[in-house]
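Note sheet for the following structure.
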Amino acid sequence: MSDFRAGDHRLTNPLEPPRSYASEQGEQLVPESRSTSGVVSVLSSAEREGRWQLPRRFRALAVMGNIELDLRAAEIGYGLSEIEAVAVLGNIEITVSPEIAVECDGDSLLGSFVLKYEGRANPTAASRDRVVRITGTAYAGAVTVSVKGPDEKLLAMIGRSLGIGQP
């Protein structure tokens, strides 16, 4: 599909990878970014937390290893972002902020593929502006998707010290 250009606005086919456009003066108008990225952990551990950018398509493969993806402070673009998680005798943990809508569809063979809402997180409270779809398979391993706010550990600790909630 060709690009439509009107003035300084560039509209492209969302199914095509992003491209850079240069003006007549040679300046870059739309920065080129990777639309696909991923992480592989074989007999090791990998972690992404803090400020990082989630690409439109992200793949995580853990083979007898561990992967932790914390999306609570990550930059997630508007629209749909997809994460494919495959755990083979390994573990993948994905933590998502309650404001992000989560779609989860995975299979397991002698393992578990779980979506859970913790604390005050509620699936109806999420905006549909940004959606993270998590798919994949757990082969004798585990893929756990937790939806919780950034302050859940702190609130639990304060609650325990005040004698509120579960021990």
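Place a label point 7 angstrom from the Cα of ARG51 along the Cα-to-Cβ direction, then list the residues of the range 71-94 whose backbone nitrogen is under 16 Å away.
Those under the cut-off are 71-77.
Counting pairs of alpha carbon atoms under 8 Å apart in space and at least six apart in sequence, what relative contact order in percent does the range 35-162 give?
25
By counting other Cβ atoms within 10 Å of each Cβ, how are LYS148, LYS116 ranked from fewest to most?
LYS116, LYS148
Once label points are set 7 Å from the Cα along Cα→Cβ at both GLU99 and LEU43, what is their separation, rounded to one decimal in nm?
So the label points at GLU99 and LEU43 sit 4.2 nm apart.
Arrange the following residues from fewest to most other Cβ atoms within 10 Å of their Cβ: ARG133, ARG56.
ARG133, ARG56
Classify the range 55-167: rounded, prolate or oblate, from the alpha-carbon gyration tensor (a ≥ b ≥ c, eigenvalue square roots; a/c under 1.5 rounded; otherwise prolate if a/b is larger than b/c)?
Oblate shape, in that a/c is at least 1.5 and b/c is the bigger or equal ratio.
Sum up the charges of everything whose Cβ sits under 13 Å from the Cβ of ILE67, counting Lys and Arg as +1 and Asp and Glu as -1, but leave ILE67 out.
-4
Test of understanding: what is the full-extension gain from LEU89 to LEU162, defined as 0.36 nm times their sequence separation minus their Cα-Cα distance?
Extra length available between LEU89 and LEU162 comes to 22.3 nm.
Just so you know, all these numbers are worked out from the coordinates, no wet-lab data involved. Fair warning: this is a prediction, and the values are worked out from it, not measured in the lab. No Cβ is skipped: glycine too gets one built from the backbone with ideal geometry, and neighbour counts run over all protein chains shown.
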